[in-house]
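These notes are about the structure you will find just below.
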Amino acid sequence: MSRIEAKKPSLCTNDPLTKERVSFSLSVFSGIVQSCYGPTGRLKQLHNGMGGYVRTTSQSSALLGGLSITHPALKILTASVRNHISRFSDCGLFTAILCCSLVEHFQRINFATCTVTKISRHLLSLCTDYLKSEACGCRVSVDFDSIKTLLSLVRSILASKPACMLNKTEANHLSTLVLKAFLLTIPHTIETNVVLGKCVIIPVKDKRVMDSTVFPGLLIEIPEFQLARTFPIKRVSSSTIKMALFCISMSGDLSSIGEGTVIVHHGISLEVAVLDQLLNLGKQLVNDQVGLVVCQKVIHPSLKQYLKEHCVITIDRVGVSMMEPLSQMTGSQPIAALHSVSPTCYGSLKDLRTESFVSKHFLHLIPNDTLVCSLILCNRNEMAWDELKLACQTAEHVLQLTIKQPLALLGGGCTETHLASYIRHKSFTLPTSVLKAIDCSRTQYQLVADAFCRSLECVACCLEHDDGEILTDMVYGHFWSVQSGFPSDCNWSDLVLKCGCGIYNNQQNLNWTVLRSQCIPFAPQSCSNEPSINSTDHLVLDCFTAKCSGLQVAVETANLILDLSYIVEDQN
C-alpha cells in the first residue's frame, strides 16, 4: 500500500546541550525539583488537560510519574532517577537536583567532555570511598538495640513531605507506628536467608492522624451484615484454626476453568455438575477440619451456605494484593484447583476475631508467628492520605535497607556541605601521580572539583525556600540556615540556632562563613563520636544506601548527558 504522505526524514541535532531548547528544558525541570526539596518544599499540582484526578505532591516518585517529558536528554535524566526510586524509594529529588546542577556547572567549565568525565568519576570514587570508610565524618551507625536512631530516620522521611500535612505530634506518632509495624515483620529466629514479613496499609480517610494504629496479623474488611454470621468457627484445637487459601474463582463460572474443549453428554447440566464439584470440595474441607476458607475471587453462595452450616467461615474477593501476606503469615499454599486438595496446602492461624474501626468492620487474622501486620492509616483528606501512604512505604523500605547496611548519613544538608569541604581539601592535596593517571593538570582537576562541590552545595541550598542566608562552619563543614531580614551588625553566632542535622548548636564557636564564598580549603572534622548524636531527640538523618546510590546515579547520568553528540528523532 502506498503512503498517504511522503515519509519525513529524521531530525538530527548535533551538540544538543548547546541548543536553547535543551538548556531551557533542563532549567525548567531543575527549577521544579529544586522547589520541591525538603520539609518546606513547595507543592506541585499534577493534572491532565482533560480534567480528572488532581495530585498534589512534592515527592519525586509521584512528580516524575505525572510529568510529560518529551526531550530525549531529559528522558535520560528522568529514567535514571525513576529507576533509582524503584530500587531505593528515597533520595529521588536529591539525585535529580544534583544531576541537573552537575550538568549546569560542568558546562560552564568548557573543557573537553572526556576530561570532565574522567575527573568527575575520580571525584565520585573519592566520595564513595570516604562515605564507606570508618573515617567518614558525616555518617552514624544505626543500633537496632536502641530505637532512637531508627525513629529519627523514619521521622526525617515523614517530616520532609509537606503534603502529608503533619504537625510535630502527628509525625512523632506515625514514626512510632511505622517503626513498630516494621519490627513486627522481622522474624524471631534468624536464619541464613532472612525473609522479612509485610506491612499491609489499611486506608481510613477523613479521620484524625492520631487515630492511626497497628495490629499484629492481618485485617480483612468485611460488610457489616457479615459480622453477625461469622462465629462460631471450627477449630483443630483451642489455639489452632486450619485455613485454606484459593487463588481461583469458586463461583462455578466456566470461564475460570481456562481454555480448551468441554464435552457435555446429553441430559447433563453443566451448572449442576460444577456445583456438585464445589460441594464435594466443601465436604473435603469440612472433613479436613478447615475452619477458614479465603478466596482471591468469588465463592458460590451455595458453597458459602454449606460451609457456614458446618461452622466454616468464608471470605472472598480479597484480591491479588492480599495473597502474598496471607500465604506468608499462615503458611498456606494458594490452591488453584477445585478437585481434590492436598492437606499440605493448608495453613493455620492462632485465632480469629472481629474488629471495628470508625465505620469499617474487619476480620482480624491472628497468626502463630507475627510476620505480617496491618497499619490502619488515617489522614484528613484523600490528597494528604495518598502522600502519607507513599511516605510510609518509603520509610518502611528505608528501614529494610538499613537492616542490610546499618548506617545513616546526616541529613538537613550537612552531608552535602561536609562532603564538599572534604573534596575541596582533597583536590588541593592530591598527589601528582594521581593526576598523571587521570591525564589532567592540577588546574583542570581543581576546576572540575570546584564545580562538583558547588553542585553538592546547590543541593543543600535548595532546602532554603524563604530567601534566608546559608552558612557553613569551618570546623565540621555542616549546613546552617539564617532567616531572611536579619540585622547586618549581628554576629553569625547570634543568628544561627542548630545545624541542619541537629547535632550542633550556636553554643560552639565554629567560625561560620557564607556557603559558596571564597575560603581556604580545610579538612572537616568527624562528628561520629559526638555524645550529642545519642542525646539529640530530633536528629535529621538520610538513608545511607539510597543516598550513596543517588550520588552515583547523578554523576553517571550527568556524564552521559554531557557526552551526547547527536540526537536523532523520528518525525513520522
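The values are calculated or read from the model by the stated rules, or taken from the named source; none is laboratory data. All values derive from a computational prediction rather than experimental measurement. Positions of Cβ are backbone-derived with ideal geometry, glycine not excepted, and every protein chain shown enters the neighbour counts. The area values use the complete protein model at the heavy-atom level, side chains included, leaving out ligands, DNA and RNA. Shrake-Rupley method; radii C 1.70, N 1.55, O 1.52, S 1.80 Å.
For the reader, a short list of remarks on this structure follows.
- Single unsatisfied condition, S427 versus (1) over 20 Å from R139 (Cα atoms); (2) open to solvent by 10 Å² or more (accessible area, probe 1.4 Å): (2)
Here's the yes/no breakdown for (1) closer than 27 Å to E416 by Cβ; (2) in the same structural domain as D563 (by TED's automatic domain parsing); (3) aliphatic (A, V, I, L, M):
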| residue | (1), (2), (3) |
| --- | --- |
| E5 | no, no, no |
| P72 | no, yes, no |
| S86 | yes, yes, no |
| G92 | yes, yes, no |
| V116 | yes, yes, yes |
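- Members of the range 465-483 found to be surrounded by fewer than 21 Cβ atoms within 10 Å (Cβ to Cβ) and touching a residue at least 60 places away in the same chain (Cβ under 8 Å), listed by number: H465, D466
Residue-by-condition table, conditions (1) closer than 22 Å to Y476 by Cα; (2) of a type outside the set (S, T, Y); (3) touching a Ser or Thr at 6+ places or on another chain (Cβ under 7 Å):
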| residue | (1), (2), (3) |
| --- | --- |
| C99 | no, yes, yes |
| T113 | no, no, no |
| L126 | yes, yes, no |
| Y130 | yes, no, no |
| R155 | no, yes, yes |
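- D129 being assigned to a loop (DSSP other than H, G, I, E, B) and open to solvent by 30 Å² or more (accessible area, probe 1.4 Å): no
- Test for F94: is it touching a residue at least 24 places away in the same chain (Cβ under 8 Å) and over 20 Å from the mean Cα position of the chain (by Cα): no
- Inside the range 399-413, residues that are open to solvent by 30 Å² or more (accessible area, probe 1.4 Å) and either assigned to a helix (DSSP H, G or I) or on the phi > 0 side of the Ramachandran plot (or both) make up a count of 3.
- Residues of the range 148-169 classified as buried (at least 20 other Cβ atoms within 10 Å of the Cβ), more than 14 Å from V398 (Cβ to Cβ) and over 16 Å from the mean Cα position of the chain (by Cα), total: 1
- Selection of the range 1-32 for residues being among the β-branched types (V, I, T) and surrounded by 10 or more Cβ atoms within 10 Å (Cβ to Cβ) yields T13, T18, V22, V28, I32.
- Any hit, the range 135-147, residues being of a type outside the set (K, R), crowded, with 22+ Cβ neighbours inside 10 Å and touching a Lys or Arg at 6+ places or on another chain (Cβ under 8 Å): no
- Scanning the range 311-326 for residues being of a type in the set (A, V, I, L, M) and closer than 19 Å to L285 by Cα gives a total of 4.
- Within the range 318-353, the set of residues being part of a helix (DSSP H, G or I), among the aliphatic types (A, V, I, L, M) and buried (at least 16 other Cβ atoms within 10 Å of the Cβ) comprises M322, M323, L326, M329.
- Leading residue by the ranking (nearest to L151 (Cα to Cα)) among those in the range 356-393 that are of a type in the set (D, E) and either in contact with a helix residue (DSSP H, G or I) (Cβ under 9 Å, 6 or more places away or on another chain) or not in a helix (DSSP H, G or I) (or both): E387
- Residue count for the range 33-65, restricted to those that are crowded, with 16+ Cβ neighbours inside 10 Å and without any contact (Cβ under 8 Å) to a residue 60 or more places away in the chain: 5
- Qualifying residue in the range 387-398 (condition: closer than 22 Å to S60 by Cβ, open to solvent by 20 Å² or more (accessible area, probe 1.4 Å) and of a type in the set (D, E)): yes
- Test: residue in the range 374-383 that is more than 30 Å from Q34 (Cα to Cα) and not hydroxyl-bearing (S, T, Y): yes
- Taking the conditions (1) buried (at least 19 other Cβ atoms within 10 Å of the Cβ); (2) on the phi > 0 side of the Ramachandran plot in turn, N110 satisfies each one other than (1).
- Matching residues, the range 147-186, being in a loop (DSSP other than H, G, I, E, B) and either hydrophobic (A, V, I, L, M, F, W, C) or in contact (Cβ under 8 Å) with a residue 24 or more places away in the chain (or both): S160, K161, M165, L166, T185, I186
To keep it simple, each residue is scored yes or no on (1) at pLDDT 85 or above; (2) in a loop (DSSP other than H, G, I, E, B); (3) open to solvent by 30 Å² or more (accessible area, probe 1.4 Å).
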residue: F486; (1), (2), (3): no, yes, yes
residue: C490; (1), (2), (3): no, yes, yes
residue: D494; (1), (2), (3): no, no, yes
residue: I503; (1), (2), (3): yes, yes, no
residue: N509; (1), (2), (3): no, yes, yes
residue: C519; (1), (2), (3): no, yes, yes
residue: P524; (1), (2), (3): yes, yes, no
residue: N529; (1), (2), (3): no, yes, yes
residue: I533; (1), (2), (3): no, no, no
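- Residue pairs meeting the criteria (Cβ under 6 Å; at least 6 apart or on separate chains; first basic (K, R), in the range 200-222; second outside any strand (DSSP E or B) and open to solvent by less than 20 Å² (accessible area, probe 1.4 Å)): K205/W385
- Cβ-Cβ distances below 7 Å connect the following pairs, each with a first residue in the range 545-572 that is in contact (Cβ under 8 Å) with a residue 60 or more places away in the chain, a second residue that is open to solvent by 10 Å² or more (accessible area, probe 1.4 Å) and in a strand (DSSP E or B), and a separation of six or more residues or different chains: S565/N14; Y566/C12; Y566/T13; Y566/N14; I567/T13; V568/C12; E569/L11; Q571/L11.
- Of all residues making up the range 193-213, the number that are open to solvent by 50 Å² or more (accessible area, probe 1.4 Å) and either touching a Pro at 6+ places or on another chain (Cβ under 8 Å) or within 24 Å of L401 (Cβ to Cβ) (or both): 4
- A Cβ distance below 6 Å, combined with a sequence gap of six or more or placement on separate chains, defines the contacts here; from the range 99-113, residues that are over 16 Å from E457 (Cα atoms) and assigned by TED's automatic domain parsing to the domain that holds L447 reach residues that are surrounded by 19 or more Cβ atoms within 10 Å (Cβ to Cβ) and at pLDDT 90 or above in the pairs I109/L447; I109/A451.
- Residue in the range 91-103 that is in contact with a Leu (Cβ under 7 Å, 6 or more places away or on another chain), among the aromatic types (F, W, Y) and open to solvent by less than 20 Å² (accessible area, probe 1.4 Å) present: no
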